[in-house]
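The values are calculated or read from the model by the stated rules, or taken from the named source; none is laboratory data. In this text, all values refer to a predicted model and were calculated from it rather than measured experimentally. Cβ atoms come from the backbone with ideal geometry, glycine included; neighbour counts cover every protein chain shown. The protein model used for the area step is the full one, side chains on, heavy atoms only, and it has no ligands, DNA or RNA in it. Shrake-Rupley method; radii C 1.70, N 1.55, O 1.52, S 1.80 Å.
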Amino acid sequence: MSLRYLLQRLSTLLLVLFGVSVVAFSIQPLVPGSPARVRLGVQATEENVRILEEQMGLNRPLPVQYADWVGGIVLRGDFGDSLITRTSITDEIVRRLPATLALAGVALLIGLLIALPLGITSALKPGGKRDLSASVVSQIGVSIPDFWMGILLILLFAETLGWLPSSGYEPISEGFFAWGRHVLLPALTAGLISGSIMTRFVRSALLEVLGMDYVRTARAKGVGPRKVLTKHVLRNAAISIVTIIGLQMATLLSSVVVVEIIFAWPGLGSLALTSTLQRDYPVLQAALLMAAVAFTVINLLTDLSYVLLDPSIEYA
Amino acid sequence: MSVTTPSMRDVQEPADRGRRPVVDFARRFVRHRLAMVGTTIVLLLVFVAAFGRMVAPYDPLAMDFTALFAPPSWAHPFGTDEFGRDIFARVLYGARISLQVAFIAVGISGTAGVLLGLVAGFLGGWIDELVMRFMDVLFAFPAVLLAITVMAILGRGVGNAMVAIAIVYIPIFARVTRGAVLSVRGREYVTAARALGKSPFGIMLRHVLPNAIGPIIVQTSLSLAFAILAEAALSYFGLGTQPPDPSWGRMLSEGRGFLQQAPWMGIFPGLAIMVSVMGFNFLGDGLRDLLDPRTNRN
């Protein structure tokens, strides 16, 4: 990978992050009503609202407010205070981030456990019975709304069988078993859906490699089917599969937002929704910014890993 | 020295080759199983949205306190909810809201995205950079969060949900269109039209867009599926369609609270969403198979 390509990508990243921060910042001036009003409540007098606005620096020019906001985040990691709870937003995010990451991680694992075997078996015999049933399952998975999948899993595993709790969270410090019982249903919800999406990608990545000349050559010279698969096909398909995982991590983030809300999972997604419903906009700004930064960085790393893994791709 | 100017007849445009391709396409479309299943579902959905009111056995808002949480039966095929409202009637009415939001939202985002992608791809240069970097910024947010944010700014309600969904999908349309435009921009018929002195805008609409339309049509169908999902999600969160209007997402969030007493409240609206989304997905995938020469058709 040339240094020039890397620098070019990094400068685009900075540009996009700047745009992202402007969009996140602009929530506050765009929403109707003053943050001071939200903090003081509907019964506060105009006079008091004005005084608080002045204290909060809301009457300064917008570029100054933006610079102040971004400066606080970049230099001190300080997102400001919540309008409702009046506590530090940074503390809240630090508390919730592990929950979101854990949920996304387990979901990705479940997704891969579904997608790899299903994708590989259906690619080995395209048009066969397994391939058809895998494609039906993945079509359903792609079309099923995540919140409905959550409801169905709750109906089955919580309401009917009573095996797992229907919502809530236990930190992993309370014991792995308690944590696992709570993470399983939400992770299964997001994981089943992402697994069915990935199955399609794994299948087509494998089919592409299977059609290559070197696979035909390996078969022709008498290499056994298992060895062809592990030594030639999987190794070469790995590049595309890594990319799929990267892309899925970004999509999973979006899905996790929804899943967190259904299962009352205390992560960044549910934080974004509660802050929207409570009009606690500084918190929404922070959650949005964090998610977008994660999203952008994951996408960049995916692209870079693609270039690193595949020597035949050279970007000037 | 004689200079031969290329006439428009020498460089034939794929989109201009008469009626045969249309007939040909229709024939292949009818034979494509996935596309036909998708079309059937979509047509059924449109029918339900248009005439559901006449078919519905009950008023979707009528409460019946003698039949609270009634399980599915002949009188109430999908059961009733916590106010004794007929869920079948509410699902039928919900189709109209879902489709309306999906079509309008995709209409807005498609128009805006296609125009942006067309201009960016055809003109290139700094305009391309500017437009596409802005699209990158919008694309950097997880879709659901971006929609929630737009709703936070605009306020709750079904109209604002359409705008929110439209904004989320503009970058996808812009990217797809730009990609398609780049692939036809250098073709002979575009060069010929330029040489003949036609205006850039005229060339874009008359020559570039018609030949880049395939991916856009596919994207439209897939986006309709996404839009139905997004509307349901926003309504589930309490941001989209407001009560008492029957929206599938809203019905599911109401059902979430009564899963033990009335599991049917959490089943049928979700089934309706899934089938509709599947319809548009099938249609989109089928169209992609048929319009993209690179995918093999089996």
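For A:Lys227, the lysines whose Cα comes closer than 28 Å to its Cα, not counting residues fewer than 8 places off in the same chain, are A:Lys125, A:Lys129.
Charge dipole (Cα centre; +1 on Lys/Arg Cβ, -1 on Asp/Glu Cβ; no other charges) of the protein assembly as shown amounts to roughly 2520 debye. Think of chain B as having a plus end and a minus end, set by charges on the Cβ of Lys, Arg, Asp and Glu; of B:Ser73, B:Phe51, B:Pro263, B:Phe51 sits farthest toward the positive end of this dipole. Ranking A:Leu101, A:Leu116, A:Thr90 by how far each Cα lies toward the positive end of the dipole of region A:62-144 (charges on Cβ) leaves A:Leu116 at the top. Given 4 °C and 1.567 mPa s, how large is the Stokes-Einstein diffusion coefficient of the protein assembly as shown in µm²/s, with Rh as the Kirkwood radius over Cα pairs? It diffuses with D of about 49 µm²/s by this estimate. Taking the accessible area of chain B, probe 1.4 Å, and keeping the other protein chains in place, the carbon and sulfur fraction comes to 65%. Considering only A:Arg50, A:Arg130, A:Arg181, the Gaussian network model of chain A with Cα springs below 10 Å gives its largest mean-square fluctuation to A:Arg50. For region A:34-115, the normalised intensity computed at q = 0.20, 0.24 Å⁻¹ comes to -0.97, -1.14 (log10 of I(q)/I(0), Debye sum over alpha carbons, equal scatterers, no solvent). Assuming charge only on the beta carbon of Lys and Arg (+1) and of Asp and Glu (-1), the dipole of chain A about its Cα centre is about 1580 debye to the nearest 20.
Excluding B:Asp86 itself, calculate the net charge of residues whose Cβ lies under 12 Å from the Cβ of B:Asp86, where each Lys or Arg counts +1 and each Asp or Glu counts -1. Its environment carries a net charge of -1.
Entry note, chain B: relative contact order of 25 percent, from Cα contacts under 8 Å with a spacing of 6+ residues.
Counting Lys and Arg as +1 and Asp and Glu as -1 over every other residue whose Cβ lies under 14 Å from the Cβ of A:Lys221, the net charge comes to +3. Each 20 Å bin from 0 upward holds the following percent of the Cα-Cα pairs of chain A: 26, 48, 22, 3, 0.
Averaging the sequence gap over all C-alpha pairs within less than 8 Å and six or more residues apart, then dividing by the number of residues, gives region A:92-309 a relative contact order of 29 percent.
In chain A, the calculated helix contribution to ellipticity at 222 nm averages -24500 deg cm²/dmol per residue, counting -39,500 (n - 2.57) for every DSSP H run with n ≥ 4.
For the charge dipole of region A:92-309, defined by +1 on Lys and Arg C-beta atoms and -1 on Asp and Glu C-beta atoms about the Cα centroid, which residue among A:Ala218, A:Ala272, A:Gly141 has the Cα displaced farthest towards the positive pole? Highest projection toward the positive end goes to A:Ala218.
Apply the membrane-span-like helix rule to chain A: whole DSSP H runs, Cα extent along the own long axis of at least 18 Å, mean Kyte-Doolittle hydropathy at least -0.5. List the helices found. Span-like helices in chain A: A:3-25, A:62-76, A:89-124, A:129-143, A:176-210, A:234-262, A:281-309.
About the centre of its Cα atoms, chain B shows a dipole size close to 1060 debye [charges on the beta carbon of Lys, Arg (+1) and Asp, Glu (-1) only; nearest 20 debye].
Reachable lysines from A:Lys231, Cα under 16 Å, same-chain residues fewer than 8 places away excluded? The qualifying lysines are A:Lys221.
Under the membrane-span-like helix rule (DSSP H runs whose alpha carbons stretch at least 15 Å along the helix axis, mean Kyte-Doolittle hydropathy 0.5 or higher), chain B yields B:33-55, B:87-123, B:125-139, B:143-154, B:158-185, B:213-236, B:268-291.
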